[in-house]
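Some notes on the structure that comes next.
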Amino acid sequence: MFDIAPTELMLVALVALVVIGPKDLPKLMRTVGYWVGRARGVARHFRSGMDEMMRQAEVEEMEKRWAAENARIMREHPTTDIPAATTEQPDIAPYPSPASQAGEPAPAPAGALPDEPVRPA
């Protein structure tokens, strides 16, 4: 990006050591690091905002394409009059039990009280 060679970086560090001095150099480096970190954070936030805007633009473009394609397909293949499905269930009698087919009364449901007491045989 800036294309700084290692020798140039060492020269800048040596000049900073001589000009600023060894006592204040660590404090200056912390301050520079803090501001570089803040600048990176701002750049990251800006980049994520731009990426989100690009994604939104792509989604809108795809929705337009899909709507146009759907309209083309509906023009080429018009729908026929298909009766709407009803949500009502038809009245269907349950299958008769084998006992009722033989003329015997159907057994009482579980937990129901019988009309006559059951006596052991």
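The values are calculated or read from the model by the stated rules, or taken from the named source; none is laboratory data. Computed from a predicted model, the values in this text were never measured in an experiment.
Residues of region 45-52 include at least one that is under 31 Å from the mean Cα position of the chain (by Cα), small (Gly, Ala, Ser) and part of a helix (DSSP H, G or I). Tell me, please, whether a residue that is modelled with pLDDT of 65 or more and outside any loop (DSSP other than H, G, I, E, B) can be found in region 87-110. No, region 87-110 contains no residue that is modelled with pLDDT of 65 or more and outside any loop (DSSP other than H, G, I, E, B).
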